[in-house]
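Colleague: Following this message is one structure expressed as structure tokens.
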Number of protein chains: 4
Amino acid sequence: MIAVLKHGTTPDQTQHLIDWLKRMNLDVHVSEGSEITILGLIGDTSRVDMELLKSLEIVETVKRVSEPFKQANRKFHPKDTIVEVGDVRIGGGYFAMIAGPCSVESEEQIVGVAQAVKASGATILRGGAFKPRTSPYAFQGLKGEGLKLLLKAKEATGLPICTELMNINDLDLFTDVDIIQIGARNMQNFDLLKETGKCKTPILLKRGLANTFQELLMSAEYIMSEGNENVILCERGIRTFETYTRNTLDLSAVPALHELSHLPVVIDPSHATGKIKMIPSMAVAATAAGADGIMIEVHNNPACALCDGAQSLTPAQFDEVARKVMRVREAIL
Amino acid sequence: MIAVLKHGTTPDQTQHLIDWLKRMNLDVHVSEGSEITILGLIGDTSRVDMELLKSLEIVETVKRVSEPFKQANRKFHPKDTIVEVGDVRIGGGYFAMIAGPCSVESEEQIVGVAQAVKASGATILRGGAFKPRTSPYAFQGLKGEGLKLLLKAKEATGLPICTELMNINDLDLFTDVDIIQIGARNMQNFDLLKETGKCKTPILLKRGLANTFQELLMSAEYIMSEGNENVILCERGIRTFETYTRNTLDLSAVPALHELSHLPVVIDPSHATGKIKMIPSMAVAATAAGADGIMIEVHNNPACALCDGAQSLTPAQFDEVARKVMRVREAIL
Amino acid sequence: MIAVLKHGTTPDQTQHLIDWLKRMNLDVHVSEGSEITILGLIGDTSRVDMELLKSLEIVETVKRVSEPFKQANRKFHPKDTIVEVGDVRIGGGYFAMIAGPCSVESEEQIVGVAQAVKASGATILRGGAFKPRTSPYAFQGLKGEGLKLLLKAKEATGLPICTELMNINDLDLFTDVDIIQIGARNMQNFDLLKETGKCKTPILLKRGLANTFQELLMSAEYIMSEGNENVILCERGIRTFETYTRNTLDLSAVPALHELSHLPVVIDPSHATGKIKMIPSMAVAATAAGADGIMIEVHNNPACALCDGAQSLTPAQFDEVARKVMRVREAIL
Amino acid sequence: MIAVLKHGTTPDQTQHLIDWLKRMNLDVHVSEGSEITILGLIGDTSRVDMELLKSLEIVETVKRVSEPFKQANRKFHPKDTIVEVGDVRIGGGYFAMIAGPCSVESEEQIVGVAQAVKASGATILRGGAFKPRTSPYAFQGLKGEGLKLLLKAKEATGLPICTELMNINDLDLFTDVDIIQIGARNMQNFDLLKETGKCKTPILLKRGLANTFQELLMSAEYIMSEGNENVILCERGIRTFETYTRNTLDLSAVPALHELSHLPVVIDPSHATGKIKMIPSMAVAATAAGADGIMIEVHNNPACALCDGAQSLTPAQFDEVARKVMRVREAIL
């Protein structure tokens, strides 16, 4: 961390600040120029309140040199992380096609969709059992029963399953789940993150609607610092002023997160756009951008889906997207 | 809810849609014009997937006529809700001055700050025991021990206490807390909301960084639909493109939420601006805008605060703000 | 346009409103239900102040049924517009590769870059002569001299040229320019739009940093309503809370604008990301998304570029991107 | 400006960079620590491309120490600027109440409104003659005729007039205008800014919908660098994800701009909220925040206003707001 002192700071004031910084166990490297004095703070600066430092009368500006995340940082782990989910791999050149309904509704539905998407090339089945809904009056998911149906679909197809955990107390129910999803609204539910860090199950961590890449990586760090290194990052649209789409898909997340981190990056065009018509082009674009996977909502009967029907493809639509995605995968190799 | 059908929709298609809507227990009122056909959907439309309806080929546009929140809605509860916290009241003309440190750090600190802010006119003491921090490496609060120290400060000053709950499993520890705060990052942690809805303790619900007024009210609805009507809404800044301030204080929350809802509205200028120099003017502006209270971080020694020191006033600075706030309160009556 | 009246509106009030609307030359179609009354407004509603209508005491809500843009609207012009620039076509299946430096700096530079990008497959040369810069102290472009150098590069390579117009009074200098660019900051400089609508030169209209798709199309409408139908829409990143990238590329602009309008859509990943490392993946993604063209900054010596060096590819880097783009073009056909 | 070099940069690479910087006429002050090397760049860094520097392989991070605006900067001009408009003063403790209709519509209307707002305490009359409208089909203002009517209202009441300039070629018509307004959409129409910098008429410069405080000050700098120091800054709402209000009023602009600059700051709650009901509270809040003035739309018959009727107060409503504003002015002194 670097602090630039204002022109006119007295030697006494400078020394006073240096003493204060040293009491935080930092080494301070002073560089005095004719116009400005620069302090280089060396050591563990993660506990320094950068805003406080900036607010001091004699401080002109403060700049963090190193990123505050460590285990998720590519600098300290240059090689791509490959997350293994049964026989399926994600990252480091392995591409995951995750598909399935927004909500698990019945055995027939989830097994049927699972078989269909598998036939089209999906490698992982998604489906919500616990559903975060804006309204307390909306369908909240089949909960424990939904998890059981997902496992039946896994049994029927061999596809590993990915489903969302909302409540720290439900973790015991997720023992047989292959990928635990942390939703966008819970990206900074720190207790939930820490708890999932204590198991070894891969975690698919969705970016919050108003969270930066750095904050997403800090949340990954919460999981990793507890011991679970199997984190998959997922961009699913951010909130902007544009109202035509449900959210704005920030596809630059792919190159940005790949530069900052070694973790795999998956794109969810269904939640990002909220519109069936826009999902195919965004899925293909995500693939072209170099994503390590895509996550798409597929429902056997979108018009009757209990939630998010407007953004669910039919199996036939998904099949077409999957073919295009595979062609683009080959084109960019 | 109103659905406008596209020009050229056939009678068969229209009937098909009407039948589908009726199967959702809705009455459908049809109005055929020369150019467009309008369907008025009457009944409980809260479970209708508006986006799905909008995505149908024959539907031009859909519009929700009534707000999806009920118990928080001023339409069904025209009188201001007054939340009672011991002898203190908030809302309906009663103004709350909530002050205290970001984090509880020691008995000396919290009792000292409590006595100081009380002397300046504060009516409620705030202080964090469980702290949501972006980084897993930052100070996470004194937790249970912090709650005990808050209770000592309450004993010493008589001020009711307000502190944040992050984890559903910690609720038992909050029995003696006067106002339970749900932080911005947990505004859509629906399980946490439901659980706090089961107790009677007043809940101070902070608006999420990227959440609309309507979403804030839907989250209040989660609490109220479980039986707890003592909800206080709090605006603490939203995330925008501007980087000079920590967040952008959306002061229009005061008239907007007062129009939409009967619940009291409190403003937190400390988190909104993140800068000591800007807090006084924003606190006074919030008061002038008609807020039912303000919430301000005060620390006896901001330069040594374990978190958010840059946005904490000294007791002397708070005293000056409090005087100005009271003068403005009188001016707008 | 549809207006829903509040429950409890009296027949007199309703009639009063209808009379007022009729005085604006609108037909009003009334549909009375048991709970709500709906007014359908038929005729030219483009001059009705929707916000005013919404603010009336008796009005519950107002909804525009038809988009306010006409000539740019796909509904009234289902076939893709193909813009012709000399022998080059854009839109309707024709893909344009626009490349060149941010600023024209010298004959050697612009001719050199033009030859290089042409060799890699570029079909149009871009280059700024008049430069909009945030700071009055920054390099403002070679102006008229720059235009002359662009024409020399055109002569040398045969590539049509595209360059930005900032000032209505400079239009005369642009007679030989093949595509006039209107920059993001001038997207709502309505006098400039109208003036360019009076010529026949194709206009590349960039989306403003905080403008919606609809506003972009309304600005296209300004140009088209004056008689110039050769408008090319360009997405170049919007402003969001994320600071890692210069702007956030909203790639959903491709399917969204293609659905709303018949005009071609070009993507500029250079300004959107501001980072050399991210441009290739975003250029390829834009192609995969179905864009009608891409626009990329290329400089023979980025480290010495007078502006935007950080986002300029070298000719060698561009060559690699162009190859990938062409492979992806084939894959999605 | 400070550049931090990456760990592992060789002395040769460092020297190469220093040589490159020196060729831009900068002095470079090198500070080598054990872990990082810091370069302090001294001299005119306004032409250094910070993004380019940041993109170099060996550069870890770059930080601008001094703001890029000079004449608008409080550091070099600590005393508040007081703009004089006839007998009226704005800034440095002088408060302006600017009121009038969105558009000038007729002599009767503008003179009537002028007399009414003057009676309530307004000190400056506003009214649009040239109107920037999103749609080419909307009312565009009475133009030259509107200016004449404004001058009649000035004659009748003695109030100085403030009106918007959109087109550089109309400047001659504005000779008798007291304050020239540059609208939000033209905040970065740099040619227009430069041209208004050549006259001495006070300029009211509105913040763009997606522009930072720094960009607003850079635009002020465009005007000031041409010789016109009479710039009034105006916050009128920024664009965010919230759709309940037309825009989001960023009231922190008052303390922020006062800290960064010596120029007066005026708040426009009419455009910021777009809702009659919210204007009074926001006007009073702006005053409490320490604004140097407020700007409010007032129309004698809002229901018939040709534009922005939904956000226009009646003279009676304005009178009430004005009284409250004056009471709050006294309370905060």
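The values are calculated or read from the model by the stated rules, or taken from the named source; none is laboratory data. The shown structure was predicted, so the numbers you read here are calculated from the model rather than taken from an experiment. Here Cβ is always computed from backbone atoms with ideal geometry, including for glycine, and neighbour counts include all displayed protein chains.
Colleague: Which members of segment D:190-206 meet the condition of being away from every other protein chain (no Cβ under 12 Å) and either over 24 Å from residue D:294 (Cβ atoms) or acidic (Asp, Glu) (or both)? Even if it seems obvious, please write down each step before you answer.
Modeller: Residues of segment D:190-206 away from every other protein chain (no Cβ under 12 Å): D:196, D:198-206.
Result: D:198, D:199, D:200.
Colleague: Report whether or not residue B:104 is within 13 Å of chain C (Cβ to nearest Cβ), in contact (Cβ under 8 Å) with a residue 24 or more places away in the chain and either under 33 Å from the mean Cα position of the chain (by Cα) or at positive phi (or both). Show your work before the answer.
Modeller: Working: within 13 Å of chain C (Cβ to nearest Cβ): no; in contact (Cβ under 8 Å) with a residue 24 or more places away in the chain: yes; either under 33 Å from the mean Cα position of the chain (by Cα) or at positive phi (or both): yes.
No.
Colleague: Looking at segment D:183-200, which of its residues are in contact with a Phe, Trp or Tyr (Cβ under 7 Å, 6 or more places away or on another chain) and farther than 18 Å from residue D:46 by Cα? Give the steps one after another, and end with the answer.
Modeller: Our first condition is that a residue be in contact with a Phe, Trp or Tyr (Cβ under 7 Å, 6 or more places away or on another chain); within segment D:183-200, this holds for D:190, D:193-194, D:197.
Within segment D:183-200, D:193, D:194, D:197 qualify.
Colleague: Just checking: which of the helices (runs of 4 or more DSSP H) contained wholly in segment B:228-333 hold 2 or more residues that are free of Cβ contacts under 8 Å to residues at least 40 places away in the same chain and over 29 Å from residue A:241 (Cβ atoms)?
Modeller: Qualifying helices (runs of 4 or more DSSP H): B:315-332.
Colleague: Still on this structure, please answer the following. Look through A:232, A:276 and report the one residue that is in the same structural domain as residue A:184 (by TED's automatic domain parsing), at pLDDT below 95 and among the β-branched types (Val, Ile, Thr).
Modeller: On inspection, the qualifying residue turns out to be A:276.
Colleague: Among the residues of segment B:240-264, write down those that are farther than 22 Å from residue B:84 by Cα and polar (S, T, N, Q).
Modeller: Listed by number, the residues that qualify are B:240, B:243, B:245, B:247, B:248, B:252.
Colleague: Got a number for residues in segment C:26-61 being under 18 Å from residue D:302 (Cα atoms) and not charged (D, E, K, R)?
Modeller: Here the count works out to 8.
Colleague: Hey, among the residues in segment D:3-59 that are hydroxyl-bearing (Ser, Thr, Tyr) and facing chain A (nearest Cβ under 10 Å), which one's nearest to residue A:39 (Cα to Cα)?
Modeller: Here is the first cut: in segment D:3-59, the ones hydroxyl-bearing (Ser, Thr, Tyr) are D:9-10, D:14, D:31, D:34, D:37, D:45-46, D:55.
Filter once more, keeping what is facing chain A (nearest Cβ under 10 Å): D:31, D:34, D:37.
On the way: D:31: 10, D:34: 13, D:37: 12 Å.
Looking at the filtered set, the residue picked out is D:31.
Colleague: With the condition being touching a residue at least 40 places away in the same chain (Cβ under 8 Å) and out of contact with any Phe, Trp or Tyr (no Cβ under 9 Å at 6 or more places or on another chain), I'd like the strands (runs of 3 or more DSSP E) fully within segment A:1-84 carrying at least 3 qualifying residues.
Modeller: Ranges flagged: A:2-5, A:59-63.
Colleague: Give the residue, chosen from B:219, B:225, that is in the same structural domain as residue B:320 (by TED's automatic domain parsing), in contact with a Phe, Trp or Tyr (Cβ under 9 Å, 6 or more places away or on another chain) and surrounded by 24 or more Cβ atoms within 10 Å (Cβ to Cβ).
Modeller: Sole residue among the options that is in the same structural domain as residue B:320 (by TED's automatic domain parsing), in contact with a Phe, Trp or Tyr (Cβ under 9 Å, 6 or more places away or on another chain) and surrounded by 24 or more Cβ atoms within 10 Å (Cβ to Cβ): B:219.
Colleague: For segment D:182-228, give me each residue that is β-branched (Val, Ile, Thr) and out of contact with any Leu (no Cβ under 6 Å at 6 or more places or on another chain).
Modeller: D:196, D:201, D:203, D:212
Colleague: Here's another thing I want to ask about it. Which residues, counting only those in segment C:190-227, are without any contact (Cβ under 8 Å) to a residue 60 or more places away in the chain and aliphatic (A, V, I, L, M)?
Modeller: C:192, C:193, C:203, C:205, C:209, C:210, C:216, C:223
Colleague: Right, something else. Any idea how many residues of segment B:125-136 are part of a loop (DSSP other than H, G, I, E, B) and touching an Asp or Glu at 6+ places or on another chain (Cβ under 8 Å)?
Modeller: Residues in segment B:125-136 being part of a loop (DSSP other than H, G, I, E, B) and touching an Asp or Glu at 6+ places or on another chain (Cβ under 8 Å): 7 in total.
Colleague: Another one. Could you list all residues from segment C:166-189 that are within 14 Å of another protein chain (Cβ to nearest Cβ), touching a residue at least 24 places away in the same chain (Cβ under 8 Å) and under 14 Å from the mean Cα position of the chain (by Cα)?
Modeller: C:182, C:183, C:184, C:185, C:186, C:187, C:188
Colleague: If a residue has to be away from chain B (no Cβ under 14 Å) and either within 18 Å of residue A:295 (Cα to Cα) or among the charged types (D, E, K, R) (or both) to count, how many in segment A:130-156 make the cut?
Modeller: Selection size over segment A:130-156: 7.
Colleague: Determine, yes or no, whether residue D:172 is surrounded by fewer than 19 Cβ atoms within 10 Å (Cβ to Cβ) and of a type outside the set (S, T, N, Q).
Modeller: Yes.
Colleague: Restricting to segment C:282-327, name every residue that is small (Gly, Ala, Ser), crowded, with 24+ Cβ neighbours inside 10 Å and within 11 Å of chain A (Cβ to nearest Cβ).
Modeller: Selection gives C:283, C:285, C:286, C:288, C:289, C:291.
Colleague: Please find, among B:229, B:221, the residue that is at the interface with another protein chain (Cβ under 7 Å from one of its Cβ atoms) and of a type outside the set (Gly, Ala, Ser).
Modeller: Going through B:229, B:221 in turn, the sole match is B:221.
Colleague: Which of the residues spanning segment A:96-119 are part of a strand (DSSP E or B) and at pLDDT 95 or above?
Modeller: Of everything in segment A:96-119, those that are part of a strand (DSSP E or B) and at pLDDT 95 or above turn out to be A:96, A:97, A:98, A:99, A:100.
Colleague: Within segment C:107-125, identify whether any single residue is within 30 Å of residue D:138 (Cβ to Cβ), of a type in the set (Asp, Glu) and either surrounded by fewer than 18 Cβ atoms within 10 Å (Cβ to Cβ) or assigned by TED's automatic domain parsing to the domain that holds residue C:260 (or both), and answer yes or no.
Modeller: Taking segment C:107-125 as the starting set, the residues that turn out to be within 30 Å of residue D:138 (Cβ to Cβ) are none.
For segment C:107-125, residues within 30 Å of residue D:138 (Cβ to Cβ), of a type in the set (Asp, Glu) and either surrounded by fewer than 18 Cβ atoms within 10 Å (Cβ to Cβ) or assigned by TED's automatic domain parsing to the domain that holds residue C:260 (or both): absent.
Colleague: Output the residues belonging to segment A:144-165 that are closer than 18 Å to residue A:102 by Cα and over 23 Å from the mean Cα position of the chain (by Cα).
Modeller: A:144, A:145, A:146, A:148, A:149, A:151, A:152, A:153, A:154
Colleague: Now, a different point. Answer yes or no as to whether residue D:122 is touching a Phe, Trp or Tyr at 6+ places or on another chain (Cβ under 9 Å), closer than 19 Å to residue D:177 by Cβ, in a loop (DSSP other than H, G, I, E, B) and at pLDDT 95 or above.
Modeller: Yes; evaluated as a whole, the condition is true for this residue.
Colleague: Is there a residue being crowded, with 22+ Cβ neighbours inside 10 Å, of a type in the set (A, V, I, L, M, F, W, C) and in the same structural domain as residue C:316 (by TED's automatic domain parsing) anywhere in segment C:194-201?
Modeller: No; the residues of segment C:194-201 include none that is crowded, with 22+ Cβ neighbours inside 10 Å, of a type in the set (A, V, I, L, M, F, W, C) and in the same structural domain as residue C:316 (by TED's automatic domain parsing).
Colleague: Residue under question is residue D:248, and the condition is that it be more than 10 Å from chain C (Cβ to nearest Cβ), in contact with a Leu (Cβ under 8 Å, 6 or more places away or on another chain) and polar (S, T, N, Q); does it hold?
Modeller: Details: more than 10 Å from chain C (Cβ to nearest Cβ): yes; in contact with a Leu (Cβ under 8 Å, 6 or more places away or on another chain): no; polar (S, T, N, Q): yes.
For residue D:248, the condition - more than 10 Å from chain C (Cβ to nearest Cβ), in contact with a Leu (Cβ under 8 Å, 6 or more places away or on another chain) and polar (S, T, N, Q) - is not met.
Colleague: Moving to a separate point now. So is residue B:208 modelled with pLDDT of 95 or more, buried (at least 24 other Cβ atoms within 10 Å of the Cβ) and part of a loop (DSSP other than H, G, I, E, B) or not?
Modeller: Yes: the conditions hold for residue B:208.
Colleague: From the list B:229, B:259, which one is farther than 25 Å from residue B:99 by Cα and of a type in the set (D, E, K, R)?
Modeller: B:259
Colleague: Shifting gears a bit: When residues of segment C:137-183 are filtered for being among the aliphatic types (A, V, I, L, M), assigned to a loop (DSSP other than H, G, I, E, B) and within 23 Å of residue C:208 (Cα to Cα), how many remain?
Modeller: So the answer is 4.
Colleague: Within segment A:34-53, track down each residue that is within 18 Å of residue A:10 (Cα to Cα) and surrounded by fewer than 17 Cβ atoms within 10 Å (Cβ to Cβ).
Modeller: If the condition is that a residue be within 18 Å of residue A:10 (Cα to Cα) and surrounded by fewer than 17 Cβ atoms within 10 Å (Cβ to Cβ), then A:34, A:35 are the ones that fit.
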